[in-house]
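Read the structure below first, then the notes.
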Amino acid sequence: MVPSFNTAGPCFPDEHYMLPPERRLGRIMRLIDDRKYFTIHAGHQTGKTTLAQWLVRHYNQGGPYACVWIDIQTARENPDPGTAFRTLLNNFERAFRRDLPALALPDKEALLSDPRSAVLDYLGAAAEKAERPLVVLIDEADGLIGETVVSFLTQLRQGYLDRRVMPFPHSVALIGRRQVRDYVLTQKDRQAVSWLGSASPFNVTAEAATLSPFSADEVAELLGQHTQATGQPFLAEAIDRIYTLSCGHPWLVNAIADQIVNRDVEDRAIAITRAHVDTAKETIILERRSHIDSLIARLREPRVRRILQPMLIGTEAPESDTLDDDFSYVMGLGLLVKRGPNVEIANPIYKEVIPRVLTYYTQVQLRQETAWYVRPDGSLDLPKMMAAWQEFWRKDGHVSAAGFSYQEAGPHLMLMAFLQRIINGGGQIEREYALGRGALDLLICWQKERHVIEVKLRRDTETEKEALDQIGGYLDTLGLRAGWLVLFDLRKRRSWKEKLKIRKRRHGEHQVWVVGC
């Protein structure tokens, strides 16, 4: 059987193209050797379960440890320890019977008479019966809430502290999207587990591990497995494009490759090009594949909106008591990453998905046709398109923008919806936005043309000069000499006649058309 690119569930060597799991597990295996209790945190569909299951097989096939992987998602969001721990122990029992079938298990019904010690006693009894040091991998641990998560963490801590004199697992890893310090969100619960900031058992500074995305070489290696199995090559331009769009996110890499070789280009004699990659990316976004759909659901959450909305506008996130928690939460989802001193959207596909999803229903209702703005020679008529945008903004756009859930970013989102509706007919839009940038950068790629559009909110007379400096820097980066600056005028008592003008400005070596809105 020829392997396939996997987009659903854990990977298996006999079914899927995959990289050697141990390559991503070096630090985790060292933590296990050192008897650490730690977290493994990474975004959605980045390979956490695949790697956990590999560790179970590796250790249980003659390794130094007895290992069990326990998925506890069925107990998620249940704040009542009495019912949650019954579900937990059912999951414990099922996992031990699967991974360590010879191990004699404790009587869970007897232990459930006191939920406050049920996990402590169960894992202690299992560790005592195991012939080798016991390693426990607990998946979806960050789904526990309220009194349940407080009791769960407290029991693990008690077992950790007593394990020199009482049987308890050699090492425990909590697997999820967040570090353990972010499991407990209410101030009351934080006080109950104030020891989370101490050295044991979950010192999140020294004992937290994450899973890195694939490197460019690893993406090439994974795609090369398909070439070796089928003879169908991915050209260098295609490999580079997949890595650029995904930044090595495992699901995105596999999803793009799967769309191409199993739907778009089934003839194995045809080499995969950059154009094939861009087409596949568009399909994945439009069809809202599982991973994308999960991402979309999160965008509606207030705590996600509090972080992403300032990024769309380019302002700083407002100070609040929950700001750090919100950042941690959104980063745990894999939406954001920290690159150097900056916090950014994790990859170009997410950068595109976020505004397109937030404006999807606006786009489909817009009565704008691509052909209206294409000249006879096939080039894009930007002056005509910008004039049409101004008219749309005056009549309907400014009212519709106020209805977006991301209300403060309404003008930016409405412009992107308008442009996307037109550009979808033959080009693409690349977006750059980040906290503190003060503006949104758009790049329209149309055939061999590139058109820069900078978007900024105008609050005073200084804004235009600052915006011209910013677009000048953006143009220099791209090696272009001309661009467009869209200024949404927020100054009071400005009439539409005063706002809706298009002016040509020289700024240093650059020519900039300023579009007032």
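The values are calculated or read from the model by the stated rules, or taken from the named source; none is laboratory data. The shown structure was predicted, so the numbers you read here are calculated from the model rather than taken from an experiment. Cβ atoms come from the backbone with ideal geometry, glycine included; neighbour counts cover every protein chain shown. Calculation scope for accessible area: heavy atoms of the full protein, side chains included, ligands and nucleic acids excluded. Shrake-Rupley method; radii C 1.70, N 1.55, O 1.52, S 1.80 Å.
Computed quantities for the displayed model
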item: Wholly enclosed strands (runs of 3 or more DSSP E) of segment 375-488 bearing at least 3 residues farther than 17 Å from V512 by Cβ; result: 427-432
item: Leading residue by the ranking (surrounded by the most Cβ atoms within 10 Å (Cβ to Cβ)) among those in segment 459-493 that are charged (D, E, K, R), within 15 Å of H398 (Cβ to Cβ) and in contact with a strand residue (DSSP E or B) (Cβ under 9 Å, 6 or more places away or on another chain); result: D489
item: Any hit, segment 88-97, residues being at pLDDT 95 or above and over 14 Å from I138 (Cα atoms); result: yes
item: Filter result for the condition that a residue is open to solvent by 10 Å² or more (accessible area, probe 1.4 Å) and either touching a residue at least 24 places away in the same chain (Cβ under 8 Å) or within 20 Å of the chain's Cα centre (by Cα) (or both), over T227, T244; result: T244
item: Qualifying residues in segment 326-380 (those that are more than 18 Å from G427 (Cα to Cα) and acidic (D, E)) - the one least open to solvent (accessible area, probe 1.4 Å); result: D326
item: Any chance G425 is at pLDDT below 95, over 22 Å from F488 (Cβ atoms) and of a type in the set (G, A, S); result: yes
item: Index of the failed condition, V455 passing every other in (1) surrounded by 17 or more Cβ atoms within 10 Å (Cβ to Cβ); (2) farther than 22 Å from P310 by Cα; result: (2)
item: Options V136, V119, V149; residue that is modelled with pLDDT under 90 and either more than 15 Å from A75 (Cβ to Cβ) or surrounded by 23 or more Cβ atoms within 10 Å (Cβ to Cβ) (or both); result: V149
item: Matching residues, segment 498-517, being farther than 13 Å from W389 by Cα, open to solvent by 50 Å² or more (accessible area, probe 1.4 Å) and in a strand (DSSP E or B); result: R503, K504, R505, R506, W513
item: Criterion: open to solvent by less than 40 Å² (accessible area, probe 1.4 Å), part of a loop (DSSP other than H, G, I, E, B) and over 20 Å from V149 (Cβ atoms) - qualifying residue of L19, L51, L31, L55; result: L19
